[in-house]
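FYI, it's all coordinate maths here, none of it is from the lab. None of the values given here were measured: they were computed from a predicted structure. In this analysis, Cβ positions are derived from the backbone assuming ideal geometry, glycine residues included, and neighbour counts consider all displayed protein chains.
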Amino acid sequence: MRTALCGKNWIHLEKTDSTNRFLLDGDFPEGTVATADLQTKGRGRQGKSWVCAPCGQALYLSVIFRSFNAGDFGFLPLICAVAAAKAYGGTMIKWPNDILVNEKKVGGILCESKILGGSAVAVCGIGLNLSQPQEFFADNNLPWAASLFSCGKDLLTPKHAAVLFLNELEPCITTYRLSGFGSFLPFYRDRCVTLGRKVVLERCGRAVTATACDIGEKGELVCESGGETFFVTAGEVSVRGLYGYA
Ligand code: BTN
């Protein structure tokens, strides 16, 4: 491990409901990492659940940050996506923070936060599919998902995958604190499969088709539709490719 902060305090649980929930409900120091072999109520974005794989086939990891302002929270999922894309070679990002290989989702990121007595706490969680066979995703009705190994990438243990991620996340957090999100834009744009594609934005039950043309300074997806340009904020909508998941 090359980190000074992330994972110095590392709690490994055989089973928990959610590593995000575990850290959010506790009182842990900055940089504490929680991992689990199994999650019984893994949380996904937009209120969805995150399916649990047999022990050892996936990574479930959360890390706590206490020193951010609430205004920084929106950037954390994007920074985590950058860290994951750096950690796992050959991966791409579907805006805002899905990790893809060959257009299939191999990982997801959920950042949650709470404000307690004036102090802000953020928990960043990553779920990464390491070695489930393709039938696992078919059986769980996840046709757009895959594991790194099923996509021809190296076979990683959860521990190894965790160290790779944390080794990238910590310097990304430092860079963000020093220079803001703008310094990630070239890398993010380069690894983002969404750009240049036709997307369907699902907003309050309404579907809008648009072209995703850029990532804004605040991490928004810049879209064009019917001659109009608009900024889409993560969390506000779900984005699907017109011709597939991405
Ligand atoms: C997504 O929906 O794409 C985000 C999934 C995030 C799952 C991870 S697994 C570790 C952490 N604990 C949770 O309950 N969720 C996140």
I need the full set of residues from segment 70-116 which are among the basic types (Lys, Arg) and out of contact with any Ser or Thr (no Cβ under 6 Å at 6 or more places or on another chain), in order please. 86, 104, 105, 114
Residue by residue through segment 92-126, note down the ones that are crowded, with 24+ Cβ neighbours inside 10 Å and more than 15 Å from the ligand (Cβ to nearest atom). none
Restricting attention to segment 66-101, report how many residues are assigned to a loop (DSSP other than H, G, I, E, B) and touching a Pro at 6+ places or on another chain (Cβ under 8 Å). 3
Given the structure, is residue 75 away from the ligand (no atom under 15 Å from the Cβ), within 16 Å of residue 188 (Cβ to Cβ) and not β-branched (Val, Ile, Thr)? yes
What about residue 56, is it over 24 Å from residue 183 (Cα atoms), touching a Pro at 6+ places or on another chain (Cβ under 9 Å) and away from the ligand (no atom under 11 Å from the Cβ)? yes
Got at least one residue in segment 117-128 being over 22 Å from residue 32 (Cα atoms), assigned to a strand (DSSP E or B) and hydroxyl-bearing (Ser, Thr, Tyr)? no
Please give the strands (runs of 3 or more DSSP E) falling wholly within segment 160-246 in which 2 or more residues are of a type in the set (Val, Ile, Thr) and touching a residue at least 12 places away in the same chain (Cβ under 8 Å). 198-203, 206-215, 228-232
Members of segment 29-50 found to be out of contact with any Gly (no Cβ under 7 Å at 6 or more places or on another chain), among the hydrophobic types (A, V, I, L, M, F, W, C) and within 10 Å of the ligand (Cβ to nearest atom), listed by number: 34, 36
